[in-house]
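To start, the structure itself, in structure tokens.
The values are calculated or read from the model by the stated rules, or taken from the named source; none is laboratory data. Values in this document were obtained by computation on a predicted structure and should not be read as measured data. Cβ atoms come from the backbone with ideal geometry, glycine included; neighbour counts cover every protein chain shown.
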Amino acid sequence: MSTNDSIASSRPLMQELFASGLYKRNQGRMVRQVTCLTIWVIVAIAVWRMHSLFLVNRLQGSWTSYLIAAAVGGLGFWFAFRLVNWPKFADFLIAVEAELNKVSWPTKKELVRASIVVIFTILFLSAVLFAFDAIWRFLFGWLGIA
């Protein structure tokens, strides 16, 4: 780890929000992009709901409501972009991608076989629980408890 990396990784998030550089640009790229895109979708839905529920009713649909929504959306998008480049969070996402690369993913045939086993196990256990419930209900009813 170079001196610049150690200085960057100790920066607080608020200071990182006003930076413009990318931290370890090519490492953990896929996970960072997916994380940023996910946060952008959440921000977009939140801004749309904020606009439709609060701003339209209060500002009677004027252009100001759209301006406020665009400003909040822009801030949310910038926050998400800077968050995935914050050294502490970016290092975590880089480690996540490194671990995902170590996973041995099942083939389609293995996946189908394992899914069938799980489905039949669930069906069998639900039948057993149903039988136990019916037996206990009959016994308690016969004894006059329930």
For Phe18, are the conditions met, namely being surrounded by 11 or more Cβ atoms within 10 Å (Cβ to Cβ) and out of contact with any Ser or Thr (no Cβ under 7 Å at 6 or more places or on another chain)? no
Conditions first: (1) acidic (Asp, Glu); (2) out of contact with any Gly (no Cβ under 9 Å at 6 or more places or on another chain); (3) assigned by TED's automatic domain parsing to the domain that holds Arg32. Glu110 passes all but one, so which condition is the exception? (3)
If a residue has to be aliphatic (A, V, I, L, M), farther than 18 Å from Arg32 by Cβ and either in contact with a Pro (Cβ under 9 Å, 6 or more places away or on another chain) or surrounded by 13 or more Cβ atoms within 10 Å (Cβ to Cβ) (or both) to count, how many in the stretch 65-90 make the cut? 4
Given the criterion assigned to a helix (DSSP H, G or I), touching a Ser or Thr at 6+ places or on another chain (Cβ under 9 Å) and either surrounded by 10 or more Cβ atoms within 10 Å (Cβ to Cβ) or not basic (Lys, Arg) (or both), identify the matching residue among Leu125, Leu93, Leu100, Leu139. Leu93
Leading residue by the ranking (modelled with the highest pLDDT) among those in the stretch 103-122 that are loosely packed, with under 10 Cβ neighbours inside 10 Å and not in a helix (DSSP H, G or I): Thr107
Using the structure shown, decide if Phe81 is farther than 30 Å from Gly28 by Cα and part of a helix (DSSP H, G or I). no
The condition from (1) assigned to a helix (DSSP H, G or I); (2) over 30 Å from Thr35 (Cα atoms) that Ile145 misses is numbered (1)
